[in-house]
Amino acid sequence: MSEMNELPEEYVQYLETLDERHSAMVLPVMLESVAEGMHGVHVRGLGHHSEQALVDETVPFGKVKITTI
């Protein structure tokens, strides 16, 4: 996947821990983060079926914050 070359190392490492469906949900948000180049990604929720990912201005660029509710 060519997008992987554009991602910060922490994003790549996080994606490698996910199943295909979950990574398909998170990857577009990571690409948005990279395009903006200002903020990191926040993944929050209860687990695989109830999670959401968003670009979060409180997370430094290139970092992934995980919050389990």
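The values are calculated or read from the model by the stated rules, or taken from the named source; none is laboratory data. For clarity, every value in this text was computed on a predicted model and none was experimentally measured. Ligands, DNA and RNA are stripped out before the accessible areas are found, and what is left, the full protein with its side chains, is counted by its heavy atoms. Shrake-Rupley method; radii C 1.70, N 1.55, O 1.52, S 1.80 Å.
Averaged per residue, what accessible area in Å² does the chain show with a 1.4 Å probe, protein chains only?
Accessible area per residue: 63 Å².
Give the span of the chain's Cα atoms along each principal axis, as three whole-Å numbers ordered largest to smallest.
For the chain, the Cα spread along each principal axis is 28, 27, 15 Å.
Given the Cα-Cα distance of Arg44 and Glu6 and 0.36 nm per residue of separation, how much length would full extension add, in nm?
Here the answer is 11.4 nm.
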